[in-house]
1. For the residues A:197, A:144, A:258, what sequence is obtained by ranking on other C-beta atoms within 10 Å, fewest first?
2. In whole percent, what relative contact order does segment A:17-136 give with Cα contacts below 8 Å and a gap of six or more residues?
3. Can you compute the helix-only [θ] at 222 nm over chain B? Use -39500 (n - 2.57) per DSSP H run of at least 4 residues, normalise by all residues, nearest 500 deg cm²/dmol.
4. Taking 0.36 nm per intervening residue step and subtracting the Cα-Cα distance, what contour gain separates residue A:241 from residue A:67 on full extension?
5. Given points 7 Å out from each Cα along the Cα-Cβ axis, report the residue A:144 to residue B:319 separation in nanometres with one decimal.
6. Hey, rough spin-label estimate for residue A:161 and residue A:196, points 7 angstrom out along Cα→Cβ, what's it come to in nanometres?
7. Give me B:222, B:235 sorted ascending by neighbouring Cβ count inside 10 Å, so fewest comes first.
8. Can you give me the relative contact order of segment B:7-84 as a percent, contacts being Cα pairs under 8 Å and 6 or more apart?
């Protein structure tokens, strides 16, 4: 069902099994971007927020209607205008905001959701119109039926049929992997969540600073090449996570990790080390090593990944954990 | 073992431009793109492209997952701003009426014709059946729609339903809006039902035709066909056309599901669905016009000849609009 063309460029190896709900689009510039599909619950919550806002707006219209007819005397034209305003709010609320706020309504914005084009192009106005016109049958009709009860005079089987038909629409997002509702299907859109990620300081920066500007000086913790060939990218990034952790348990975690790493690589240097400094130095050295391998086109995903560098025939001596 | 950390240098060189982009995007997210001064707005696309290229590089050389994750998120946020809906609301609405809507009508010519055909077929059958046996009327026309227009009504009371209303102008506003809301619901149903492979859409077209035919036969039986035609044509030319357009939109959806083009079903549905949605929105706007005509003009103008003229003019207007408006504008479609 995922319709994106996952173009795999030479320097971009095909990712292993992607996490569920991750989708990739290729921007017009040709760079793939990864998005996380919005959860169904999040989308329901966003719609609920929007509905509340609409309800408040409708309430304001009714209040001003009462006010105007109290001031100027009751007139049929006020009812007409009120009904028209109801219609305009109902039909154009979503369209207006999705056009104005680049694919977000107040509810979506509150939950960090966005509408994007499945092909990665512009979110076109006609797509916004198309995906929101179907809300009439997906959202407003069931709501009216729910609130007002079945229309009088219609037979039971007509009501049943209507209900069955409407539930096809309502339940559609549960029956496809892309969590598309009917409006998304015909507009060619996805709803994705777009959390912000902050740029943190580089973990390797600590090691660099402590090493001093004089690159030729012997590093505080010398690691041999074979020691650096034990681990892969997965372990490196786990180490990054550990080093970024903050909290009361950190010191204990760092101690455990240090001891494990030392045992694994056969550390023969000094026993008493500052754990953080040791791990930062190891992280920096390991990253430098793995990144330089990367430049030669070798990507070692984890410690079990045994395609060792061409030079070392025996390869890394990783035996279990 | 002291290889220079390339990714570290890479980050140090580019971090300033990432921060600048992050700042711009942050402002745009909070206050809208319009709030950015012109020179910053101009920098946005180039900063975005720079960040994208940083992302490509980072993916291939950097193992710092925070940097890659940050760039992914930054590029995505910038992408929303750069490739979000391009124009503002009112511009889009203008573009919609000038180009998209008539273009969508032209591109859906055959589905619209088919929808029209089924309605005409219903009309003919309804007319003939009710003419042969007035009892059919009760099966076709729901009671709340018929009101006091039944085969049991006298010629005089039927005539009154056609020419009444001039003295009750006060109530017309409500009536007009009510009709409009009701009709747009029917039209949107016809459109959305295209999802069910179009069969319900065709049934809905046929059924609406039946009702219309039954009405015509009823009034014809009392020698009022000409007057009914005038009464209907004021708004009917617009309204019936709009309902047929919606039915055509529904059939476009159905066609995309049953006969996908060279792409997958989902892709072809997405491609054609946008045009079909445009059709439906446009039709709702037409129904708004029809509601106004029905509520005001029809009740205020009671002369049959004038009614025909108005209806004919409206029809001519719509046909001209659909045929000629927005021609030569490329819609930028794939």
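1. Result, fewest neighbours first: A:144, A:197, A:258.
2. Averaging sequence separation for qualifying contacts and normalising by length gives 27 percent for segment A:17-136.
3. Mean residue ellipticity at 222 nm (helix-derived): -25500 deg cm²/dmol.
4. My answer for the length gained is 56.6 nm.
5. Each label point is offset 7 Å from its Cα along the Cβ direction, giving 3.3 nm.
6. With each label point 7 Å from Cα toward Cβ, the separation is 5.2 nm.
7. Result, fewest neighbours first: B:222, B:235.
8. Details: 51 pairs, mean separation 28.5, N = 78.
Once divided by the residue count of segment B:7-84, the mean separation gives 37 percent.
No lab work stands behind these numbers, since they all come straight from the coordinates. Here the structure is a predicted model, which means the values were calculated and not measured. FYI the Cβ positions are ideal-geometry reconstructions off the backbone, even for glycines, and counts take in every protein chain you see.
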